[in-house]
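Chemist: Sharing a structure below in structure tokens format, with a few things to ask.
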Amino acid sequence: MKIVCDDKIPYIQGPLQELADTLVVKPGKDITPEDVRDANIIVVRTRTRCDASLLQGSDVRLVVTATIGYDHLDTRWMEEHGISWANCPGCNATSVGQYVRNSLLALRQDRGLDLTNCTLGVVGVGHVGRAVLDAVGSLGLRSVMVNDPPREAAGDVAPVEGGWSTLEQICQQADILTFHTPLTEAGPWPTYHLMDDHLLQQFADNHRDTSCVLINAARGGVVDEQALLRVLETCQGMEAVVDTWEHEPQVNRPLLQRAYLATPHIAGYSADGKANATRMTLKHICRAMGREMTFEVKPPALPADCRFSSEPSERALQLYDPRADSRLLKAKPAEFEWQRGHYPLRREFVEMVK
């Protein structure tokens, strides 16, 4: 059994050494056809494009991505060639919820954003969108709107009292807009440039005299970055929080500097979320190998000398302040990948720290 694994997946190398006869660990962007030719399983993140150019003629029979998204996998080609694949839906959902909530707390602190007078619009209410709804529940928002055409078409009940809303309705009525969709270019509901120039202008026009916020922690291409930059330059009351970028690891430098928060695709990078992803990845591998999943994966505790405020909002920002990540990326944008690969310990809950 040979397994090839991205070297930035935490807490996984020990278990894989027990499962594999041969384990190859290297940066995801550097995994080559030669590496996987005689491999049986490969474990990746978003930086490894898994398609015919990588897998053709190999012995690979399972590809696991330790991520929610899987647009870097050519799933159709793999299925046609007898290669199974798996992702980790919901693994870092609560981490993204923490990112969105704490970004809003920072905006309240820095910009005086009155959250009690704001309507939030959540676009995409799968695992992540629902975790965002849970995370912001204590902020006292005026109301919440949700949009998810595939779920609405499937007959799913909307998780808010007002039911499902169109994206146009959200742009007209919401003050805060946050995206949590996959990136798709085909099908009945493509999300590539879902937030285009027309909708961005509509969102801004409805907030000429009030503050508004756009958050993209989904995929870079979901929001048209050039259109967003144009709108930000003309709508002074609009703030942007950008975690995912259209041409990662290259970032749009003007947007980087104009955004209130600009981070290197780390919204889901809490240690808790990473541990969830590794746990789910190992379950997929053990199932494929016909073995019982016996590995215990836990994130490390915060340092024992950490002290936290008794006030919930202050404690939340002490535990994780996205402004620190933003300052670092704005100062050194060329280090986008390094900052992701060397991300510091981040926990989601004080009460989980032993």
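Chemist: Is at least one residue of segment 246-255 closer than 19 Å to residue 6 by Cβ, in the same structural domain as residue 131 (by TED's automatic domain parsing) and surrounded by 13 or more Cβ atoms within 10 Å (Cβ to Cβ)?
Modeler: Of the residues in segment 246-255, the ones closer than 19 Å to residue 6 by Cβ are 248-249.
Now restrict to residues that are in the same structural domain as residue 131 (by TED's automatic domain parsing): 248-249.
So of that shortlist, the ones also surrounded by 13 or more Cβ atoms within 10 Å (Cβ to Cβ) come out as 248-249.
Among the residues of segment 246-255, at least one is closer than 19 Å to residue 6 by Cβ, in the same structural domain as residue 131 (by TED's automatic domain parsing) and surrounded by 13 or more Cβ atoms within 10 Å (Cβ to Cβ), which makes the answer yes.
Chemist: Could you say whether any residue in segment 21-28 is surrounded by fewer than 16 Cβ atoms within 10 Å (Cβ to Cβ) and within 19 Å of residue 264 (Cα to Cα)?
Modeler: Within segment 21-28, one or more residues are surrounded by fewer than 16 Cβ atoms within 10 Å (Cβ to Cβ) and within 19 Å of residue 264 (Cα to Cα).
Chemist: Find the residue count for segment 277-312, including only residues that are farther than 21 Å from residue 20 by Cα and buried (at least 18 other Cβ atoms within 10 Å of the Cβ).
Modeler: 1
Chemist: Scan segment 50-80 residue by residue and report those that are assigned to a strand (DSSP E or B) and over 25 Å from residue 271 (Cα atoms). Working first, answer last.
Modeler: Taking segment 50-80 as the starting set, the residues that turn out to be assigned to a strand (DSSP E or B) are 50, 62-65, 73.
Hits for segment 50-80 are 50, 62.
Chemist: For segment 29-39, which positions are in contact with a Lys or Arg (Cβ under 8 Å, 6 or more places away or on another chain) and either surrounded by fewer than 20 Cβ atoms within 10 Å (Cβ to Cβ) or more than 26 Å from residue 290 (Cβ to Cβ) (or both)?
Modeler: Matches in segment 29-39: 29, 35, 38.
Chemist: If I filter segment 31-54 for residues that are polar (S, T, N, Q) and touching a helix residue (DSSP H, G or I) at 6+ places or on another chain (Cβ under 6 Å), do I get at least one hit?
Modeler: yes
Chemist: Moving to a separate point now. Mind checking which pairs have a first residue in segment 3-30 that is farther than 20 Å from residue 297 by Cα and a second that is exposed (fewer than 14 other Cβ atoms within 10 Å of the Cβ), Cβ under 8 Å, 6 or more apart or different chains?
Modeler: Cβ pairs passing all conditions: 21/1; 22/1.
Chemist: Considering only residues that are of a type in the set (S, T, N, Q) and part of a helix (DSSP H, G or I), which ones fall in segment 310-354?
Modeler: Here is the first cut: in segment 310-354, the ones of a type in the set (S, T, N, Q) are 310, 313, 318, 326, 339.
Within segment 310-354, 313, 318, 326, 339 meet the criteria.
Chemist: Oh, and also: Just checking, does segment 42-49 include any residue being surrounded by fewer than 17 Cβ atoms within 10 Å (Cβ to Cβ), out of contact with any Pro (no Cβ under 7 Å at 6 or more places or on another chain) and outside any strand (DSSP E or B)? Let's see the steps before the verdict.
Modeler: Let us first name the residues in segment 42-49 that are surrounded by fewer than 17 Cβ atoms within 10 Å (Cβ to Cβ), namely 49.
Add one more test, that the residue is out of contact with any Pro (no Cβ under 7 Å at 6 or more places or on another chain), and what stays is 49.
Filter again for outside any strand (DSSP E or B), leaving 49.
Among the residues of segment 42-49, at least one is surrounded by fewer than 17 Cβ atoms within 10 Å (Cβ to Cβ), out of contact with any Pro (no Cβ under 7 Å at 6 or more places or on another chain) and outside any strand (DSSP E or B), which makes the answer yes.
Chemist: Considering (1) touching a helix residue (DSSP H, G or I) at 6+ places or on another chain (Cβ under 8 Å); (2) part of a loop (DSSP other than H, G, I, E, B); (3) free of Cβ contacts under 8 Å to residues at least 40 places away in the same chain, say which one residue 296 fails and leave the rest.
Modeler: Status for residue 296: all satisfied but (1).
Chemist: Within segment 3-31, which residues are of a type in the set (S, T, N, Q) and either under 17 Å from residue 274 (Cα atoms) or touching a His at 6+ places or on another chain (Cβ under 8 Å) (or both)?
Modeler: 13
The values are calculated or read from the model by the stated rules, or taken from the named source; none is laboratory data. Since we're looking at a predicted model, the values are computed, not measured. When we count neighbours, we look across all protein chains shown, and the Cβ atoms used for this are built from the backbone with ideal geometry, even at glycine.
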